[in-house]
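The numbers here are math on the coordinates, done by the rules we state, and not lab data. Not measured: the values here are computed from a predicted model. Reconstructed Cβ throughout: ideal geometry from the backbone, glycine too, with neighbour counts over all protein chains shown.
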Amino acid sequence: MNERLGVVLVVSVLGCTDRTASPSDGAPRPFGAPPPSPSTARAEAAAGVDYSARKRVKHEVEIEQIAVALEIPVGLPRDERTGDWNVSKAELSSVPKVVLSTIEASRVETLERAQYHGTLAARTKTWVRGEERPDGYRLTNAEPDRTHIEAITYLRSGDVFVRCKASQLADDPIPNHARARAMLEAICDSLTLR
């Protein structure tokens, strides 16, 4: 199998299940409370809500039978099919996205390989953060025109890495760019094994 195709397939077919939060709005709710309208989170997102100003809430999820936790801004819309915070509707194109996946640890043995497997066209990206850690890697690329930010964290679990990718894209410069970058890095850097 083509290596790039394998990565794309992993991201496309993997989903996660959430054990603590509502799949429609991203915020925990009391047991028995009715779920909010699915359109509420989408309406806020389409209105240009600044998620970097929102409180982050811990979510416990499973990806490929690996239990992890991470902190997501309250109200960030979720894809009801996969459980990722990756709604692909056109009106939500500039909303932050968060996707979890796994990759064999043997494929990611260096910071350069972490970049390569973290995003498409990695060699053309402007890398502004690259940290090698005992348990994985932390990376960020941010384009100089301020229209694209991707924060990627790899966290080792046995012979695989759980990969968190938080991104935000926009046609125009992303408002509050520095806060948006800090938020995306904080989301993926909050990734922990349970």
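Observations
- Peptide packing for 76-84, 109-117 was compared via the average number of neighbouring C-beta atoms within 10 Å per residue; ordered from the highest value, the list is 76-84, 109-117.
- Peptides 123-133, 156-166 ordered by average Cβ neighbours within 10 Å, highest first: 156-166, 123-133
- Rounded to whole numbers, the Karplus 3J(HN,Hα) couplings from phi for segment 179-194 are 5, 4, 4, 4, 5, 4, 5, 5, 4, 6, 5, 7, 4, 9, 7, 9 Hz, using 6.51 cos²θ - 1.76 cosθ + 1.60 with θ = phi - 60°, and x at Gly and Pro.
- Computed from phi, the 3J(HN,Hα) profile of segment 62-78 under the Karplus parametrisation 6.51, -1.76, 1.60 (θ = phi - 60°) reads 10, 10, 6, 6, 10, 7, 9, 9, 7, 9, 10, x, 4, x, 4, x, 10 Hz, with x in place of Gly and Pro.
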